[in-house]
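Chemist: Structure in structure tokens, see below.
The values are calculated or read from the model by the stated rules, or taken from the named source; none is laboratory data. Keep in mind that this is a model prediction, so the values were computed, not measured. Don't worry about glycine lacking a Cβ; one is built from the backbone with ideal geometry, like all the others, and counts go over all protein chains shown. Please note that ligands, DNA and RNA were not included when accessible areas were found on the heavy atoms of the full protein model with its side chains. Shrake-Rupley method; radii C 1.70, N 1.55, O 1.52, S 1.80 Å.
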Amino acid sequence: MKNTKEHILDVTFKLFLQKSFKEVTLKEIVDATGLSKGAFYHYFASKEQLFLELVNNVLFSVLDVPYNKFSKESLYNFYIDYINYYVENLKKNNTDDKDSTPSFNYISLVFDALKLFPDFQERLQESKEVQLRSWENIIHAAREKGEIESPMSDEQIANMFINSSGGLEMHNIFIGSSEDIGKTLLALWDGFYQELKS
């Protein structure tokens, strides 16, 4: 059973995804959690403090990908592990269970966090650097083992994987697609991988 603080965080995250940070009022949060205003203030001094905790707990759980736990056996196994993790994380943070595509309001929450919390941009940049290094390392290892060969640099190949993932996610959000992003990403990366092998 979740404790009260976790309950507040879960309920509020769902509210923010249904509307946005700015549109959700403190009264709506209190009503949706079933708590009194006093009980809310026992855990959080303000809606902004609550949002900061959500940023730290939820948004960074999406960004802090455990690349060190993915297979180092091959580039292929690495990206399969990545897709499995990515899809599971989307399902975990999705509120309507109808698909695995994040909502437009999820992206809106990222922009709100960038405006409200100056450290968020720095943490995003650190996450991006870890992501790039992780992909470059496995690509370099795959090249060394003869798994792939390409005139593209390790960084260029890494950016193709990274940016195709982010681009597909954004595309699905903007067009309101409910396609299975994991299957689409797998097909896209499998095709790119075959090109890298030839």
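Chemist: If you check residue 195 against the conditions, is it more than 23 Å from residue 90 (Cβ to Cβ), assigned to a helix (DSSP H, G or I) and either in contact (Cβ under 8 Å) with a residue 40 or more places away in the chain or touching a Pro at 6+ places or on another chain (Cβ under 8 Å) (or both)? Give the derivation first.
Modeler: On the way: more than 23 Å from residue 90 (Cβ to Cβ): yes; assigned to a helix (DSSP H, G or I): yes; either in contact (Cβ under 8 Å) with a residue 40 or more places away in the chain or touching a Pro at 6+ places or on another chain (Cβ under 8 Å) (or both): yes.
Yes; evaluated as a whole, the condition is true for this residue.
Chemist: Restrict the check to segment 146-156 and report whether at least one residue is part of a helix (DSSP H, G or I), open to solvent by less than 70 Å² (accessible area, probe 1.4 Å) and small (Gly, Ala, Ser).
Modeler: We begin by selecting, within segment 146-156, every residue part of a helix (DSSP H, G or I); these are 154-156.
Restricting the remaining residues to those that are open to solvent by less than 70 Å² (accessible area, probe 1.4 Å) gives 154.
Keeping just the survivors that are small (Gly, Ala, Ser) gives none.
Looking for residues that are part of a helix (DSSP H, G or I), open to solvent by less than 70 Å² (accessible area, probe 1.4 Å) and small (Gly, Ala, Ser), one finds none in segment 146-156, hence no.
Chemist: Also, quick follow-up: Kindly state which helices (runs of 4 or more DSSP H) lie completely within segment 3-73 and contain at least 3 residues that are in contact (Cβ under 8 Å) with a residue 40 or more places away in the chain.
Modeler: Fully inside segment 3-73 and qualifying: 4-18, 47-54.
Chemist: Applying the selection to segment 153-174, what residues are among the hydrophobic types (A, V, I, L, M, F, W, C) and free of Cβ contacts under 8 Å to residues at least 24 places away in the same chain?
Modeler: Of all residues in segment 153-174, those among the hydrophobic types (A, V, I, L, M, F, W, C) come to 157-158, 160-162, 168, 170, 173-174.
Listed by number, the list holds a single entry, 168.
Chemist: For segment 177-188, how many residues meet the condition of being touching a residue at least 60 places away in the same chain (Cβ under 8 Å), over 20 Å from residue 63 (Cβ atoms) and outside any loop (DSSP other than H, G, I, E, B)? Break it down into steps so the answer makes sense when it comes.
Modeler: First, pick out the residues of segment 177-188 that are touching a residue at least 60 places away in the same chain (Cβ under 8 Å): 177-182, 185-186.
In the following step, the residues that additionally are over 20 Å from residue 63 (Cβ atoms) were identified as 177-180, 186.
Keeping just the survivors that are outside any loop (DSSP other than H, G, I, E, B) gives 186.
Qualifying residue count for the region: 1.
Chemist: Okay, next question. Take residue 174 and tell me if it is modelled with pLDDT of 85 or more, part of a helix (DSSP H, G or I) and among the hydrophobic types (A, V, I, L, M, F, W, C). Let's see the steps before the verdict.
Modeler: Values: modelled with pLDDT of 85 or more: no; part of a helix (DSSP H, G or I): yes; among the hydrophobic types (A, V, I, L, M, F, W, C): yes.
In short, no.
Chemist: If you don't mind, there's one more thing I want to ask. Spot the failing condition for residue 164; the list is (1) closer than 21 Å to residue 59 by Cβ; (2) at pLDDT below 95, and only one is missed.
Modeler: Tallying (1) closer than 21 Å to residue 59 by Cβ; (2) at pLDDT below 95, residue 164 fails exactly one: (1).
Chemist: Can you tell me which residues in segment 7-35 are farther than 14 Å from residue 50 by Cα, under 21 Å from the mean Cα position of the chain (by Cα) and buried (at least 18 other Cβ atoms within 10 Å of the Cβ)? Talk me through it step by step, then tell me what you get.
Modeler: So the first thing to find is which residues in segment 7-35 are farther than 14 Å from residue 50 by Cα, and the list is 17-19, 23, 31-32, 34-35.
Those left that are additionally under 21 Å from the mean Cα position of the chain (by Cα): 17-19.
The answer is 17, and nothing else.
Chemist: With respect to residue 63, determine if the residue is in contact with a helix residue (DSSP H, G or I) (Cβ under 8 Å, 6 or more places away or on another chain), over 26 Å from residue 4 (Cβ atoms) and at pLDDT below 95.
Modeler: Working: in contact with a helix residue (DSSP H, G or I) (Cβ under 8 Å, 6 or more places away or on another chain): yes; over 26 Å from residue 4 (Cβ atoms): yes; at pLDDT below 95: yes.
Yes; evaluated as a whole, the condition is true for this residue.
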